[in-house]
Amino acid sequence: MNTSIKPAINRQRIIHSILITAAAGLFLTIIAPLGTSYLAFGERLVYWVGLCFAGWVGGMLAEYFTDRYMRKMPKVGQIIIHSLSAALCVFVALFTFFQHLPISLGLISFFYVFVISLAITSVGAAFKKQDSIDAPAESKPPALLDRLPVEMRQADIYAISAEDHYVKVHTSQGHTMILMRFKDAVRDASPLKGLVTHRSWWVAEQGVQSIKRKSRSADLTLKNDELALVSRNGLKAIRESGWVD
C-alpha cells in the first residue's frame, strides 16, 4: 500500500466529520423540518443526507481554498466564505436532484444551511484558536536548527540518521553532518512530531512523502526522495501512530 502523509488533512478528522454529517442527515430525516414530512421516509433520507453531504463538500472545498490561497484573510471572512460555499452547494444539489421542489423551499434551505454552517464553522474556529493557545510550545523552533549551518536554519527538518559518531540531518535545503549523539539529536528535534523508525533513523512527520508497506518493514520515502530505514519495531510505531493502516 502506498500512503502519502498530508499534515494539512487529518484522516481521523475527515472520518469524524463524515460520521457527524451522516448523523445530522438522519436526525433531519426523522424530524422532517421545513415541511418535508410529506416526502416518503426513503426520499426524505436521500434528501436530507444528500443535502448535509453537499454542505460538507462545500465547506471542505472552501477550507482547502482559503487555507491555500487566502491565509491572510481575517478569520471572520474565511468563516463567511466557508458558510456561503456550503449553502451554495446545498442549493445546487437541491435543484439538481429535486427539480420539482418549489423555489421558495430552496431559498429557505439556503438561508438555514448558511446560518447553521456559520455557527458550526465559528465554533470550530474557536476550538482551533484554543488549541493553539493551549499548546504554545509547538511554535518554538527545534533547538537542532541552531546546530545547522547558517544558510540552512530556515529549512524544514525531514529526518536524522546516525553516521558513526556523527548524525546526518536531512532537510528541505539539503543535508549536513553534526558531531553529536543520535539520541541527543532526536531530543533537540523537539517539538517536531516524528518517530524513531530504525535504531539509526528518526523521521519527522513533515518530512514524509510516501510509505509503501512490506511484510515486515516498509519503504519510507522522504520529501527529498531519500529512503529512510524502517525496522520491524519502526513499522509497528508507524502503524500505531496512524501513518499507515
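Rule-based calculations on the coordinates, nothing more; no lab input. No experiment lies behind these values; they were computed from the predicted model shown. Heads up, the Cβs are rebuilt from the backbone with ideal geometry, glycines too, and the neighbour counts pull from every protein chain shown.
Listed by Cβ neighbour count within 10 Å, with the fewest neighbours leading, Glu205, Glu240 appear as Glu240, Glu205.
When Lys212, Lys236 are arranged by Cβ crowding within 10 Å, least crowded first, meaning fewest neighbours, the order is Lys236, Lys212. From the cross-link list Lys75/Lys140; Lys72/Lys183; Lys168/Lys214; Lys72/Lys212, which pairs have alpha carbons spaced over 32 Å apart? Cα-Cα > 32 Å for Lys72/Lys183; Lys72/Lys212; rest within. The amide H of Ala159, built 1.01 Å from its N in the peptide plane, has His170, Ala204 as neighbours under 5 Å, considering only residues 5 or more places off or on other chains. Stretched out straight at 0.36 nm per residue, the stretch from Ser210 to Ile20 would grow longer than its current Cα-Cα span by 65.5 nm.
A Förster radius of 51 Å combined with the Cβ-Cβ distance from Ile30 to Lys72 puts the calculated FRET efficiency at roughly 0.75. Remark: Lys72, Lys223, Lys214 ranked as Lys72, Lys214, Lys223, counting other beta-carbon atoms within 10 Å and listing the fewest first. Shape summary: the stretch 143-240 maps onto an equivalent ellipsoid whose semi-axes, from the alpha-carbon gyration tensor, are 22, 14, 11 Å in decreasing order.
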